[in-house]
């Protein structure tokens, strides 16, 4: 396993990590979650990602039970959760001081932990002043309930606003962002955040590296039964797989298969390695519904050195979606 600094912080996370979205407490039970987390841990994964919204909090319960069962040393792990969608009450959502403080306490109770290493603002809150959120996150860290805080799917402008407030008020700034990033979703990580990596040392814990399964290569002949797209509650995702853009992307995946074959890997491993190749990616959050998937995903680390410039150019020719850099008007 390779370990990377999370941006300009002193925290090191495994280049490949494991997330609980969709699967824990929903698609799979605690026994399968245990097998997946155990396989990841044995492969060197130290970062495990969660959120209060995942399976309405049950994903945190499952992860907490698994970690308690394994007896792993807490200091060997980097655990994150995300706060925004906590329930149906009028103050159970968003990034108000009330919900952040109560939401973190509730997450820690479900995880059976005294602290999480990272707490993310799961989305921007249009109704809460950014300064209120920054001060609340600072309070959480000062209480020892988290070590770092960051954002998820915030714009570069929103991140810089929070960062500027924190610096001005001598508070702890957001140091990491959790954006979607994969071969088909590149603009934000490669273009919008480009200046932030140098200016504030932004680290990224990217999610959906396989585009919700599209980059596994199993959708060439339609939507297979038993996949995430067919799960109850994920009808919105099925629509994305049946759109005109999805059909074009599926065709590109078919073109990527010969490239993967030449390298002796699967399309999924190629897609994960492609994400890992980006020096501004601190960790790639993977998902799995069985331990064998974890084992296969971990092999992507061996593919990264094979992505020479000629291979990258071949991939870019197929994708044909590389974001243009910001215009230099000087």
Over the chain, with a Gaussian network built from C-alpha contacts below 10 Å, which listed residue (181, 163, 127) shows the highest mean-square fluctuation? 127
FRET efficiency (residue 75, residue 329; Cβ distance; R0 41 Å; to 0.05) is 0.25
Can you tell me the 0 to 90 degree angle between the C-alpha axis of helix 30-42 and the longest principal axis of the chain, rounded to 10? 80 degrees
Distance in nm between label sites at residue 259 and residue 197, each 7 Å beyond Cα in the beta-carbon direction? 1.8 nm
How would you rank 313-321, 1-9, highest first, on the average number of other Cβ atoms within 10 Å across their residues? 1-9, 313-321
If one takes the longest principal axis of the Cα atoms in the chain, at what angle in degrees, from 0 to 90 and to the nearest 10, does the Cα axis of helix 97-111 lie? 70 degrees
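Can you give me the relative contact order of segment 3-319 as a percent, contacts being Cα pairs under 8 Å and 6 or more apart?
On the way: 565 pairs, mean separation 62.3, N = 317.
Relative contact order, segment 3-319: 20 percent.
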With R₀ set to 51 angstrom, the calculated FRET efficiency between the beta-carbons of residue 88 and residue 242, to the nearest 0.05, is 0.95
Have a look at the DSSP beta bridges in the chain and tell me what percent are antiparallel, nearest 5. 15 percent
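Can you compute the FRET efficiency between residue 2 and residue 65 using 1/(1 + (r/R0)^6), with r the Cβ-Cβ distance and R0 = 51 Å? Round to the nearest 0.05. Display every interim value, and only then the final one.
Values: r = 29 Å, r/R0 = 0.57.
Step by step, r from the Cβ atoms, then E = 0.95.
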At 7 Å along the Cα-to-beta-carbon direction for both residue 147 and residue 308, put a label point, then send me their distance in nm to one decimal. 3.9 nm
Restricting to Cα pairs below 8 Å that are 6+ residues apart, what does the relative contact order work out to for segment 40-156? Please round to a whole percent. 25 percent
If each residue of separation counts as 0.36 nm, what is the full-extension length gain between residue 58 and residue 132 once their alpha-carbon separation is subtracted? 23.8 nm
Of 86, 213, 19, which is the most mobile in a GNM of the chain whose springs link Cα atoms less than 10 angstrom apart? 213
How many nm is it between the label spots at residue 295 and residue 316, if each spot is 7 Å from the Cα in line with the beta carbon? 3.7 nm
Measure nothing fancy, just the Cα-based angle from helix 309-319's long axis to the longest principal axis of the chain, in degrees from 0 to 90, nearest 10. 90 degrees
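None of the figures in this text is laboratory data; all of them are computed from the coordinates on show. Owing to the predicted nature of the structure, the values given are computational and were not obtained by experimental measurement. Virtual Cβ from ideal backbone geometry, glycine too; neighbours counted across all protein chains shown.
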